[in-house]
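Please read the structure below before turning to the comments.
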Amino acid sequence: MELKETQRGIWSSKIGFILAAAGSAVGLGNIWRFPTVAGRSGGAAFVVLYLFCVVIVGLPVMIAELSIGRHTRKNPVGAFEKLAPHSGWKYLGVLGIVTGIAILSFYAVIAGWIIGYFFKAVGGEFQRISTAAESEMIFTGFARNPFYQMLLLGIFILLTSLVIWRGVKGGIEKWSKILMPILIVILISLVIRSVTLPGSSKGLAFYLKPDFSKMNFKILLEALGQALFSLSLGMGTMITYGSYIQKRDNLSTSALYVCIFDTAIAILAGFMIFPALFAMGMKPDIGPSLIFQVIPAMLARMPGGYFFGIGVFLLIAIAALTSTISLLEVPVAYVVDEKGWSRSKAVTVMGSIAFIFGIFSALSNGALEFLTKLPAINTSFLNVMDTAFSKFSLAIGSLLESLFLGWIWGTAKAIEEIEGEGVIFKYKKVWIPFIKVITPLLILIIFGDLLRRTFF
Ligand code: PFF
């Protein structure tokens, strides 16, 4: 169903768009997933490859998604259908929609943990922690409780659904203009505590001194997946968000700001986690519970730790909410635009699907043995979802998007869109070879190596 531009709404200003896109990008990807993946992928070597992926893949693909979105003013499926009618390309949009629901399902579990930890902080539970083992015990007991896990998941999906349903996103974006800087101040305070703990230098070395012998394609694949996850790319989120940008705004510089800001927050989160982690004698590769073990133990050793604890978990929850909104917005925009569903029906159905799948992830961290250690692969359901969708689906999506833009729609048309109303796209001469060849080639090489490792 064709909707008029005015009905779809538009960001009132360039800064409004940047805030919304940054709200989507900055979230658990930066504060939870970045340290978790860096910790299990060797630290500094991963960080170098991560920055490489942000530049070579992230920025070019973000410009691509935004230009497709603004040009077509549609959700991902509608966008590909409009640019390449009656072809298979619309299934790339479908992949994005499935990926959005799938990521939301486990993302909301972790966001639920943040809410749970917020309540623990309010209750003063962290002030009593004196050893790393105690911090671990708190987490294990927490994750093992099936009803509480499902409740927290439900709360987070409900919050996300309410925001999208009532269309109060604008209000949240205005709030995040105030809240985001507060989050940064709290993160910096925790960084200062972390790096001043006795024994933190080992953590700094782990995070900052790359051991080049550890760099390999396996870590490069981790870095690629993490960069795309953190920048909300590869599933059409930025197509959907781009569809609300005005023609006179410069989307290439907006993309650059969002990439720089998002990366800075992730790097900051690493500085908060690794020095404290090594100072307390923990292991960096423990997986999804990493920050939930490190942050509380650090708060216990910090003047004003009680208040910092409340602040940090509350603000991470809000950062997560601005990301889950964008995850749910993609499937909702699709059924509203293309299938003519009402917004409330779309939100109810998509939110419920995410909740039902989310239950499996919620129970896979100790609550149900079977889901915690899946037979044969010996890993949790949550890890399987994360690997399948964050690592593979987003990378395949980005590969196909760059090929689509470079070879089907064409860079000339994209540049015409980007330069719309008198805007100058300064780096177009660099962007063209990237989006046509270098970006897709790098993803192909990474996947080629994965196939080689798996089958030969
Ligand atoms: N970028 C978000 C984060 O870092 O938390 C997660 C995310 C949102 C991934 C939207 C993908 C997406 F489309």
The local net charge around GLY351, scoring Lys/Arg +1 and Asp/Glu -1 for residues other than GLY351 whose Cβ lies under 14 Å from its Cβ, equals +2
Checked segment 106-181 with the C-alpha gyration tensor, a ≥ b ≥ c its square-rooted eigenvalues, rounded below a/c of 1.5, otherwise prolate if a/b is larger than b/c and oblate if not; verdict oblate
Mean projected area (nm²) from the convex hull of Cα positions in segment 308-456 is 14.9 nm²
Semi-axes (Å, rounded, descending) of the ellipsoid equivalent to segment 32-105 per its C-alpha gyration tensor are 31, 16, 9
Dividing the surface of the Cα convex hull of segment 1-155 by four yields a projected area in nm² of 13.6 nm²
Protection proxy (average C-beta count within 10 Å per residue), highest first, orders 271-283, 184-196 as 271-283, 184-196
Short to long, in 10 Å steps from zero, the percent of alpha-carbon pairs of segment 208-279 per bin is 14, 35, 32, 14, 4, 0
Which of LYS174/LYS426; LYS14/LYS177; LYS82/LYS436; LYS14/LYS436 exceed 18 Å between C-alpha atoms? The answer is LYS174/LYS426; LYS82/LYS436; LYS14/LYS436
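Looking at the square roots a ≥ b ≥ c of the eigenvalues of the Cα gyration tensor of the chain, which shape do they give, rounded for a/c under 1.5, prolate if a/b is larger than b/c, or oblate?
Taking the square roots of the gyration eigenvalues as a ≥ b ≥ c, the chain is prolate.
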Whole-Hz Karplus couplings 3J(HN,Hα) for segment 428-443, θ = phi - 60° and coefficients 6.51, -1.76, 1.60, Gly and Pro as x, run 4, 5, 7, 5, 4, x, 5, 5, 7, 10, 5, 4, x, 5, 4, 5
Mean Cβ-within-10 Å packing, highest first, puts peptides 366-372, 352-358, 103-109, 307-313 in the order 103-109, 307-313, 352-358, 366-372
Quick shape check on segment 312-369: root eigenvalues a ≥ b ≥ c of the Cα gyration tensor, a/c under 1.5 is rounded, otherwise prolate if a/b tops b/c, else oblate, and it reads oblate
Per-residue ellipticity at 222 nm attributable to helices in the chain (runs of n ≥ 4 DSSP H, -39500 (n - 2.57) apiece, nearest 500 deg cm²/dmol) works out to -22500 deg cm²/dmol
Taking the alpha-carbon centre of each part, the distance from segment 98-168 to segment 343-408 in Å is 17 Å
Inter-part gap, Cα centre of segment 418-436 to Cα centre of segment 251-298, in whole angstrom, is 32 Å
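Sum up the charges of everything whose Cβ sits under 12 Å from the Cβ of GLY397, counting Lys and Arg as +1 and Asp and Glu as -1, but leave GLY397 out.
-1
Read the figures in this text as sums done on the coordinates, not as results from a lab. Nothing here was measured: the structure is a model prediction, and the numbers come from that model. All Cβ positions, even for glycine, are placed from backbone atoms using ideal geometry, and neighbour counts span all protein chains on display.
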